[in-house]
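Just so you know, all these numbers are worked out from the coordinates, no wet-lab data involved. Since we're looking at a predicted model, the values are computed, not measured. Please note: Cβ atoms are built from the backbone with ideal geometry, for glycine as well, and neighbour counts cover all protein chains shown.
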Amino acid sequence: MKISKKVEVGLLCSRKSVTVFFVGMFIFISSMLFISNVNAEVFKATAYCSCEKCCDKDPSDKWYGITATGKRARWGTVAVDRRVIRLGSKLRIEGFPNTIFRAEDVGSAIKGNHIDVWFPSHREALKFGVQKIVVQRVRNG
Ligand SMILES: [Zn+2]
């Protein structure tokens with residue numbers, strides 16, 4: 001009797017911990033999914049580079065390649081509408097899982113849910129074209 005009771009208690013305990021484990025996992029996974037979808041929105045994405053065509057600045061211009069925040073444009077720089085995304089914000093952009101982008105620039109044509117992704121060459125910017133893309137705010141600036 002004593003032995004079987006012990007076994008039963010043991011079974012109950014392990015079943016309970018299994019349940020707790022699965023409930024815990026469920027909560028964990030669903031909260032991760034929730035967090036990963038928070039602040040994610042579809043944006044129109046275009047691309048630009050530092051060239052004269054894109055930025056209307058001649059290479060001899062002292063502001064050539066310099067963003068609205070005073071930083072030199074480099075991979076990860078995006079131009080935004082600062083009423084939608086604050087400058088200094090960190091973003092994730094669909095299709096570029098290894099890059100955290102930075103809202104560092106603005107542009108007269110960048111309005112609303114529109115981001116302009118900086119590329120090192122005009123050719124790459126052209127290749128990017130215009131896309132509908134999911135943008136997630138990692139940190140607001
Ligand atoms: Zn260009």
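Worth a mention:
- If the Kirkwood radius is taken over C-alpha pairs of segment 80-141, then at 10 °C and 1.306 mPa s the Stokes-Einstein diffusion coefficient equals 131 µm²/s.
- Within a straight-line Cα-Cα reach of under 19 Å, K44 can be paired with the following aspartates and glutamates, leaving aside sequence neighbours fewer than 8 residues apart in one chain: D81, E94, E104, D105, D116, E124.
- The chain - mean residue ellipticity at 222 nm from DSSP helices (-39,500 (n - 2.57) per run, n ≥ 4, rounded to 500): -11000 deg cm²/dmol
- Vicinal HN-Hα couplings computed from phi for segment 125-141 (Karplus, 6.51 cos²θ - 1.76 cosθ + 1.60; Hz; Gly/Pro x): 5, 5, 4, 5, x, 10, 9, 9, 9, 7, 10, 10, 7, 7, 8, 7, x
- Cα centre as origin, Lys/Arg/Asp/Glu Cβ charges: the chain dipole, Debye: 800
- Amide H contacts under 5 Å for F119, placed H, 5+ residues apart: Y48, C49
- Across the chain, the mean sequence separation of Cα contacts (distance under 8 Å, 6 or more residues apart), normalised by length, yields a relative contact order of 32 percent.
- Equivalent ellipsoid semi-axes, segment 37-138, via Cα gyration tensor eigenvalues times 5, rooted, Å: 22, 14, 12
- Using a cutoff of 8 angstrom between alpha carbon atoms and counting only pairs six or more residues apart, the relative contact order for segment 48-107 works out to 30 percent.
- Peptides 84-90, 96-102, 44-50 ranked from most to least packed, by the mean per-residue count of other Cβ atoms within 10 Å: 44-50, 84-90, 96-102.
- Among A45, T19, S60 - extreme Cα towards positive end, dipole of the chain, charges at beta-carbon: T19
- Residues K111, K127, arranged from fewest to most other Cβ atoms within 10 angstrom of their Cβ, appear as K127, K111.
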